[in-house]
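No value in this document is a laboratory result; all are computed from the given coordinates. Everything quoted here is computed from the prediction, not taken from an experiment. Quick reminder, even Gly has a Cβ in these numbers, built from the backbone with ideal geometry, and neighbours come from all protein chains shown.
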Amino acid sequence: MIVRKSPREIEKIAAAGALVAETIAHVGSLIAPGTTTDELDAAADSYIRERGGIPTSEGYRGYPKAICISPNEIVVHGIPGPYPVSEGDVITIDVGVTLDAYIADSAYTFAVGEIDADAQRLLDVAQDALEAGIAEARVGNRVGDISHAVQTVVEAAGFSIVRSLVGHGVGRHYHEDPHIPNFGEPGRGPRLAEGMTIAIEPMITAGSSEVVVAPDGWTISTADGSLSAHFEHTVAVLEDGPRVLTPRVGLVRT
């Protein structure tokens, strides 16, 4: 069932989204060679709670940490731990926050210091794909229009889409209907209506689209060890166009 949100509820989600964006920026400012992902997670946990929020991921279906941190070939759901960040890494920070009973979700892949040109292009294309998907989140369009826009940008650049992972509705719950795939045909799928709130999240790789799940049951990595990138925004579908509810704070691209 797709739940449409009232204007009041959308403002609640936007407040959670503002804290998500601030948390991503805060954690991003701490990423440096030698810092462990566990230290970054602890910083995120404190930052969220000090501002009245709850890390939505913590305890969700047994997930053990406050946020997801996914280096390099890890696409999503990386569990923070002793991994030390290194120069040239790409690190995805994926944050969900519950604030006043409403939830927002966003992700950003950071470059650590200087990264090679191919890695930078992967990050740029993933962000271009997110922007293309958001542009299609309009009343009267269908989910497939978002999916097709993302797919077109990614595949035109020669990269792959992880097809087994999708975006989703969000707001009252962490994962709601509808699913938002990153591939598909335009004009297909549920129709977008005023008040829908959705997480659009291209997850792309430099190599194969195939992924593997680690024994921990959470960490999902590229099967061929290729680099991955993941960018995500929570977006409200409104009569006057899409509204990003997790706008970036202090980052080069929004």
*Of Leu238, Thr152, Ile79, whose Cα points farthest to the positive end of the dipole of the chain (charges on the beta-carbon: +1 Lys, Arg; -1 Asp, Glu; origin at the Cα centre)?*
Leu238
*Dipole of the chain [Lys/Arg +1, Asp/Glu -1 at C-beta], most positive-end residue of Pro181, Pro33, Ser209*: Pro181
*With +1 on each Lys and Arg Cβ and -1 on each Asp and Glu Cβ, and nothing else charged, work out how big the dipole of segment 1-129 is about its Cα centre, in Debye to the nearest 20.*
740 debye
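With +1 assigned to the C-beta of every Lys and Arg and -1 to the C-beta of every Asp and Glu, and no other charges, what is the dipole magnitude of the chain about the Cα centre in debye, to the nearest 20?
Values: 18 positive and 35 negative charges, 181 e Å.
That gives a dipole near 860 debye.
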*Vicinal HN-Hα couplings computed from phi for segment 213-224 (Karplus, 6.51 cos²θ - 1.76 cosθ + 1.60; Hz; Gly/Pro x)*: 9, 6, x, 5, x, 10, 5, 10, 10, 5, 5, 9
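All other residues with a Cβ under 12 Å from the Cβ of Glu201 taken together, and with Lys, Arg as +1 and Asp, Glu as -1, what is their net charge? Mind showing how you got there, number by number?
Details: positive: none; negative: Asp94, Asp105, Glu232.
With Lys, Arg at +1 and Asp, Glu at -1, the neighbours total -3.
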*At least 15 Å along the helix axis (C-alpha) and Kyte average at least -0.5, DSSP helices within the chain*: 7-30, 117-135, 143-156
*asked:* Can you show me the helix-derived [θ] at 222 nm for the chain, built from DSSP H runs with n ≥ 4 at -39,500 (n - 2.57) apiece and divided by the number of residues, rounded to the nearest 500.
replied: -9500 deg cm²/dmol
